[in-house]
1. Taking into account only those residues within the stretch 59-91 that are part of a strand (DSSP E or B) and within 20 Å of residue 377 (Cβ to Cβ), which is farthest from the ligand (Cβ to nearest atom)?
2. In the stretch 319-347, what count of residues is obtained for those that are more than 14 Å from the chain's Cα centre (by Cα) and within 15 Å of the ligand (Cβ to nearest atom)?
3. Only one of 372, 404, 365 is in contact with a strand residue (DSSP E or B) (Cβ under 7 Å, 6 or more places away or on another chain) and modelled with pLDDT under 95. Can you tell me which?
4. Looking for something modelled with pLDDT of 95 or more and touching a strand residue (DSSP E or B) at 6+ places or on another chain (Cβ under 7 Å) - is there at least one such residue anywhere in the stretch 430-440?
5. Can you tell me how many residues within the stretch 109-150 are part of a loop (DSSP other than H, G, I, E, B), within 16 Å of the ligand (Cβ to nearest atom) and farther than 16 Å from residue 62 by Cβ?
6. Based on what the data block shows, is residue 197 in a helix (DSSP H, G or I), touching a strand residue (DSSP E or B) at 6+ places or on another chain (Cβ under 9 Å), at pLDDT 95 or above and farther than 28 Å from residue 362 by Cβ?
7. Just for the stretch 221-254: of the residues that are farther than 23 Å from residue 164 by Cα and in contact with a helix residue (DSSP H, G or I) (Cβ under 6 Å, 6 or more places away or on another chain), which one is surrounded by the most Cβ atoms within 10 Å (Cβ to Cβ)?
Ligand SMILES: NC(=O)N[C@@H](CC(=O)O)C(=O)O
């Protein structure tokens, strides 16, 4: 039985107030609505209703690294953060480089039911950077893969990158590049600069990112393909993207919440929660990324949710893993870094975290609150301010850089396909969500 839910008095991203009637998995009506008999009412006075958030960059770790995260637990983290669609990166074991693996991830996501899980396919076999993976087979599989990435590794061979761009343009796919020149970053541990010299850690120069982006926008222009750049982290990268867009090159770019709020100074603590790829950069870089979000040079915000077990983080800096969890905290970080500072409004947040990532990833029908659309809705309370706590995390790993930090706003409700996955701040139990998902797919099949 799919619920009928009446959300009352919500503030839409543009600022107007509306009730939202949800039934049979879709948004039925917006406006001033009388409660239908037997419906559940959610009082959304003071809450912002956003189209369900879409993350183009999530590491779910299944298959292969289930001690860090699974498709189920990562989807629960997504629900806690207001996400209703997540794109699962390919650096699993086995790598998502065949139709079999992407279909497995797709099925696990459908069974869990917390979010639409769209697998990303690897660009190269085994992420080894030597031969193209089965791109066509993944694109034409049940998972209908549209985004391909070796994220965690850079596709550094120019000819392979060119071939990959050519291949995916035949079905309007996109290559999401992890821009990191491997030779310039051998054994690198943090941003290269005076602080890395002071701390005695091997530096990671900005040019290692910027030079790959420069090469790839030129390749994308040459073959007329679509290119997406993952996790931009430097002011120079922004300049290259700005130049490429002015030239009409089909490039889109993302920034992560952590690169919009945190700086390299945190590395002074040698606390490996702040170790991430690409590394935290300087104040100037953070300000340049924020400005690029505000002026549209950067298209989207993506979490790069990268769970790691405690033993990979509670160790000395050099041997710790790169990565931070980010799904649960993303919207609060975005509010703190961009909305509270008046750089963007909620309409922009809806675009940056829902409509545009959906468009880049080829997710049809996502990204808007309108009658007839699938009822993927996030209700966020912007009025709160609280210390981010381990109890705010819903995934398997706790490697969040925000623990103990004051953040604005909190996600109260998440609806996916018309049923609740987060109810008044609490993740709805797995068996309840799975049953709602099953009921929804049976209804779709007309059973
Ligand atoms: N972003 C990260 O710091 N880590 C990512 C992959 C990566 O290195 O980009 C991961 O999979 O752990």
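1. 84
2. Qualifying residue count, the stretch 319-347: 4.
3. Answer to the selection: 365.
4. Within the stretch 430-440, one or more residues are modelled with pLDDT of 95 or more and touching a strand residue (DSSP E or B) at 6+ places or on another chain (Cβ under 7 Å).
5. Qualifying residue count for the region: 5.
6. When the stated conditions are applied, residue 197 passes them.
7. My answer is 233.
Here is a yes/no grid of residues against (1) within 25 Å of the chain's Cα centre (by Cα); (2) away from the ligand (no atom under 16 Å from the Cβ):
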position: 199; (1), (2): no, yes
position: 206; (1), (2): yes, yes
position: 218; (1), (2): no, yes
position: 227; (1), (2): yes, yes
position: 234; (1), (2): yes, no
position: 244; (1), (2): yes, yes
position: 252; (1), (2): yes, yes
position: 276; (1), (2): yes, no
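The values are calculated or read from the model by the stated rules, or taken from the named source; none is laboratory data. These figures come from a predicted structure and were not determined experimentally. With ideal geometry, Cβ positions are generated from the backbone for all residues, glycine too; neighbour counts draw on all protein chains shown.
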